[in-house]
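Chemist: Can you keep this structure in mind? I'll have questions shortly.
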Amino acid sequence: MPEVIVTKNLTKKYKEICAVEDLTLQVGSGEIFGFLGPNGAGKTTTIRVLTTLAKQTSGSVWVAGYDVKKEPEKVKKVIGVVQQHLTLDLDLNVKENMALHARLHHIRGVERKQRINELIDYVGLTKQSEKMITDLSGGMKKATMIARALIHRPRLLFLDEPTVGLDVQMRRRIWDLIRRLNGDGTTIFLTTHYIEEAEALCSRVGIVNEGRLIALGKPAELRQKVGLVAVETLIDSKFTRYQYFPDRNAATEYVQNLPSEIKTIIIRDSNLEDVFVELTGKKVGGDER
Ligand SMILES: Nc1ncnc2c1ncn2[C@@H]1O[C@H](COP(=O)(O)OP(=O)(O)OP(=O)(O)O)[C@@H](O)[C@H]1O
Ligand SMILES: [Mg+2]
């Protein structure tokens, strides 16, 4: 698995704010890699440096073998980027937005037409292809941005919060699209603050908090470090205690020995939220436990 993203001690500061601190990370070809963390963790800043939109303060970054600082144009040719905020031209329809982007990538004539139609079909927007952006749902806008990012057949696609604000059905359609793209050979680097998104999609995740990478690995490996089985006990109506065990047997044994006045006991598989909370003492959403 050759590496397509390598960062060494990447740091990005905005004046006194250290948005990303000493990030060392590798992403292999063919992965769906998820960068998971709460608001302000430094996810977008990392994507901006990886995609040449911002320059790191210190450290080294290679994307597809190119140094992002020294060879940004070469990096741009092999990556697609879907930013967190809406970057479509609101005065144009879906096809026209795609055509504008195709022109920027010097894709011309018949090839341009074919590629646009193919991609619009790929993301399921054939019926909406002549619609203005303002008339699309949030999910359709996101699908348009994904289709547009794919126009030059990038090997590596960056998705910054691909499903934020979308309803459950649309979220699953975007997930399917991401899986299909990955199955067709595209490496994916995505950011999310949704635990279930990282768990559903990602072969490996990096958990970030306040600019620092606090965990890195396959979701199951990270859960294993905390304990694969969680026991929640509601001590009184306000306070829940969380404890972790390597397996169901150990959890069941613990539960059997609990005092009988504890009425609410939940045994469940642990998840990446447990990992995050154990490492930081905070919820991904920001509440202190
Ligand atoms: N252009 C900027 N100028 C100054 N500070 C910035 C800038 N961009 C980001 N920051 C700061 O850097 C930190 C990381 O922000 P970033 O947008 O990377 O976080 P994020 O993980 O993407 O958050 P979110 O989940 O809200 O999108 C925050 O403290 C933010 O205020
Ligand atoms: Mg962000």
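Derivation of every value follows stated rules applied to the coordinates shown; laboratory data play no part. Being a predicted model, the structure only gives us computed values, none of them experimental. Cβ sites come from the backbone with ideal geometry, for glycine too, and all protein chains shown count toward neighbours.
Chemist: Using θ = phi - 60° and the Karplus curve 6.51 cos²θ - 1.76 cosθ + 1.60, what whole-Hz ³J(HN,Hα) does each residue of the stretch 129-143 get, with Gly and Pro shown as x?
Modeler: Once θ is set to phi - 60°, the couplings for the stretch 129-143 become 4, 9, 7, 6, 4, 5, 8, 9, 6, x, x, 5, 4, 5, 4 Hz.
Chemist: Residues of the stretch 135-172 with backbone nitrogen within less than 19 Å of a virtual label 7 Å along the Cα-to-Cβ line of Leu92, please, listed as ranges.
Modeler: Correct set: 135-137, 140-154.
Chemist: While we're looking at this one, here's another question. Restricting things to alpha carbons, find the Rg to Rh ratio for the chain using the Kirkwood radius for Rh.
Modeler: Answer for the chain: 1.04.
Chemist: So if each residue of separation counts as 0.36 nm, and I subtract the Cα-Cα distance between Gln256 and Arg153, what length gain in nm does that give?
Modeler: 31.4 nm
Chemist: If you place +1 on the Cβ of every Lys and Arg and -1 on the Cβ of every Asp and Glu, how big does the dipole about the Cα centre of the stretch 169-224 come out, in debye to the nearest 20?
Modeler: It comes to approximately 100 debye.
Chemist: Let me ask something else. What does the charge add up to near Arg153, with Lys and Arg as +1, Asp and Glu as -1, over the other residues with Cβ less than 14 Å from its Cβ?
Modeler: So the surrounding residues net to +3.
Chemist: With labels modelled as points extended 7 Å from the Cα through the Cβ direction, what inter-label distance (nm, one decimal) is found for Lys131 paired with Gln169?
Modeler: My value for the distance between the label points is 1.3 nm.
Chemist: Which is farthest toward the positive dipole end of the chain among Gly217, His85, Val168, measuring Cα position about the Cα centre, with Cβ charges +1 (Lys, Arg) and -1 (Asp, Glu)?
Modeler: Working it through, the farthest residue towards the positive pole turns out to be His85.
Chemist: Next up: Kirkwood Rh, Cα Rg: Rg to Rh for the stretch 228-269?
Modeler: 0.95
Chemist: Expected output is a single nm value to one decimal: the length gained when fully extending between Ile235 and Lys113, i.e. 0.36 nm times separation in residues minus the C-alpha distance. What is it?
Modeler: 37.6 nm
Chemist: While we're on this one: From the helices alone, meaning DSSP H stretches of at least four residues, give me the mean residue ellipticity at 222 nm for the chain, per-run term -39500 (n - 2.57), in deg cm²/dmol to the nearest 500.
Modeler: -10500 deg cm²/dmol
Chemist: Taking 7 Å along the Cα-to-C-beta vector as the label spot, tell me the Asp121-Gln84 distance in nanometres, rounded to one decimal.
Modeler: Here the answer is 3.6 nm between the modelled labels.
Chemist: Once label points are set 7 Å from the Cα along Cα→Cβ at both Leu279 and Tyr242, what is their separation, rounded to one decimal in nm?
Modeler: Rounded to a tenth, the inter-label distance reads 1.3 nm.
Chemist: Let me ask you something else. What list of ³J(HN,Hα) values in whole Hz, one per residue of the stretch 86-100 in order, does the Karplus curve 6.51 cos²θ - 1.76 cosθ + 1.60 (θ = phi - 60°) give from phi, with Gly and Pro shown as x?
Modeler: With coefficients 6.51, -1.76 and 1.60, one gets 5, 10, 7, 7, 6, 8, 10, 8, 4, 4, 5, 4, 5, 5, 4 Hz.
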